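Presented below is the structure to which this report refers.
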Amino acid sequence: MTTALYFHPDGYTMGGPKLMGRNAAGNSFLRGWLAHSAQREAVALVEHAEHAQVFRDLCAQHAPTRPTRVLGPAQLADGGATRVYYPGPNIHELAWQRQLLGRAKFSLTGITHTTASAGAMDAIAELLTAPLAPWDALICTSAAVVQTVRSVLEAQADYLRWRLGATIFAPPLLPLIPLGINAADFAFTPAQRATARARIGAAPDTLIVLFAGRLSFHTKAHPLAMYQALARAQAATGARLHLVECGWHANEFIAKAFAEAAQAACPQVPVTVLDGRRAEDRTAAWAGADFFCSLSDNVQETYGLTPLEAMAAGLPVVVSDWDGYRETVRDQIDGFRVPTLMPLAPLGGDLALRHALGADTYDQYCGHTSQLVAVDVAATAAAFEKLIRAPELRARMGAAGRARAQEFDWSVIVRRYEDLWRHLDEVRRDHKDERTAARNPWPARMDPFAAFAGYATQTLAPTMRLRLARDDAGEALARWRAPAMVKFSALAAPSVDECNTVLARLTRGPATAGQLVAEFAPERRPLVFRRLVWLAKLGVIELEANP
């Protein structure tokens, strides 16, 4: 059994100017899969030829001894892969393509990242109407995500019952498999720690508090609760604190907003901003910190890798009790999870409506929603105070977190992926579908001669009689098939052998289309039949006039 990774550089690389969580997660997955997969070859499915070399380069960088193979979409028909992994929830698109090849050709596995965007929500809703099979799966990275996906599917099923009277729904499996990390990336030596702290400019008795992630108050984590809690904790303990924000601002307005809020809420705490898109800055942030904080309050977040990365670095963590965070961070063991509060439904209906109608962008929708999510500032400050006052607590929680992070190392998580794929193989192998195949497997991508049958005056039938349109048909054919505007379509043009056979037969007199194709082997007849129209297009043959 062969797993092919659907490969587009955007899904697996971190070199772009706008580093997003899905880029980091995809890159981490690829490295982990290359390091720990039991499959001998690294196989990619690419739609664009230039992406093949990017895939090979990444494999050469991270797994130089592993052979690579690249498939184009057409090779799926030849059994080049029995499983396809897509780095997002949009597996419905590949499911429609598979319809044209055969539902049992291969299994599909997608994965959730953010579920809040219109694109992600649409992709989830499509799972009920796309031709997915029992051997397909959408990996959900947290229990909170499973709940969201099921809520959308249930709402979509209610709509389909109301609109179409639908009674049969067959969503894919929704296995819960967390994102992984390459834990060894976050092991730092004392020398690295000393260098990092010197670069940040922190005195020996200063405690460095780290936030890592995109610096966006409206689509990631609003920093005001963290700033207020730091000010309270510093005032209560008298400690010297230094905040490091490792990430990037989308624009100058956002950068100024962060600086303004920090100055207003915690003016006595120095703030250093490092560029999270640069590997050396990320290393300095992780190596130099004493503890970590991420108070996510945004529906855009669904899992959160940075708390796991902090734990792998041996840092105690203070995080909000929010979706995936509560499944990685153990409260009072690896750090502290502080409570969050949001309104009841349906009090956000106007926010959804504005987004749906285009009055608000996705960023605005996330921003308005996050403004109505509260993180407990007092609980955050209390957690900071405990960590500030007790070096032994920081050490104990850091050690517990480091051990906990090993459970999420890709060496463990990749095995869960492969267990899932083996299960899907069994389901696909054993499934018996008693239904007849759909007459049009993909209605929106029908045979053009069916979809547009009403366009032409008539369609070629086997009983229609054809004849040579000119005495020098052979010479004319050679002349007219040479121009670029004719020879560009190898799919349409008959071979030289096919042309010669047809013209030789018509030299003896008119014949029906059925008689002309009877000269060929049965498997070639359908293509030769349609190519008769190509010969007519060039004015080499023509329909015999009706008597």
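The values are calculated or read from the model by the stated rules, or taken from the named source; none is laboratory data. All values reported here derive from a predicted model rather than from experimental measurement. Note: ideal-geometry Cβ built from the backbone for every residue, glycine included; neighbour counts use all protein chains shown. Ligands, DNA and RNA are excluded from the accessible area calculation, which covers all protein heavy atoms including side chains. Shrake-Rupley method; radii C 1.70, N 1.55, O 1.52, S 1.80 Å.
General observations
- Accessible surface of the stretch 464-512, 1.4 Å probe, proportion on carbon and sulfur as whole %: 61 percent
- Cα gyration tensor, the stretch 50-161 - rounded (a/c under 1.5), prolate or oblate: oblate
- Averaging the Cα positions of each part gives two centres, and for the stretch 294-355 and the stretch 161-195 these lie 14 Å apart.
- The lysines within cross-link reach of residue 105, meaning a Cα-to-Cα straight distance under 27 Å and a gap of 8 or more places when in the same chain, are 432.
- Note on residue 427: accessible area approximately 40 square angstrom, rounded to 10, probe 1.4 Å, nucleic acids and ligands left out.
- What a 1.4 Å probe finds exposed on the stretch 58-126 is 53% carbon and sulfur by accessible area, rounded to a whole percent.
- Under the combined filter of DSSP loop state and at most 15 neighbouring Cβ atoms within 10 Å, the stretch 364-412 retains these GluC sites (Glu not before Pro): 407.
- Distances between placed amide hydrogens fall under 5 Å for residue 466 paired with 511, 512, 513, 544, all partners being 5 or more residues away or on another chain.
- Straight-distance crosslink candidates among lysines, where the alpha carbon sits under 19 Å from residue 18 and sequence neighbours closer than 8 are dropped: 220, 256
- Percent RCO, i.e. relative contact order, over the chain, from Cα pairs under 8 Å lying at least 6 residues apart: 13 percent
- Cα-centre dipole for the stretch 337-460 with unit charges at Cβ (Lys and Arg positive, Asp and Glu negative), debye to 20: 360 debye
- Residue list for the stretch 2-35, given a label point 7 angstrom along the Cα-to-Cβ vector of residue 422 and an amide N cut-off under 18 Å: 2-4, 33
- Value of [θ]222 nm, deg cm²/dmol, for the chain, DSSP H segments ≥ 4, -39500 (n - 2.57) each, nearest 500: -13500 deg cm²/dmol
- For the chain, the antiparallel share of DSSP beta bridges with both residues in that region comes to about 15%.
- Mean Cβ neighbour count within 10 Å, used as a protection proxy, ranking 128-136, 450-458, 326-334 highest first: 128-136, 326-334, 450-458
- Sites residue 168 and residue 146, calculated FRET efficiency, Cβ-Cβ separation with R0 22 Å, nearest 0.05: 0.50
- Accessible surface computed residue by residue for the stretch 32-171, with neighbouring protein chains in place and a 1.4 Å probe, gives 43 Å² per residue.
- Leading residue at positive end of dipole, the chain (Cβ point charges), from 190, 512, 285: 512
- Accessible surface of residue 181 - all protein chains present, 1.4 Å probe, nearest 10 Å²: 0 Å²
- Cross-link reach list, lysines versus residue 487, counting only Cα pairs under 25 Å and skipping chain neighbours closer than eight places: 537
- Highest mean packing comes first when the peptides 508-514, 412-418, 436-442 are listed by Cβ atoms within 10 Å, giving 412-418, 508-514, 436-442.
- DSSP bridge pairs, the stretch 139-298: antiparallel proportion in percent, nearest 5: 0 percent
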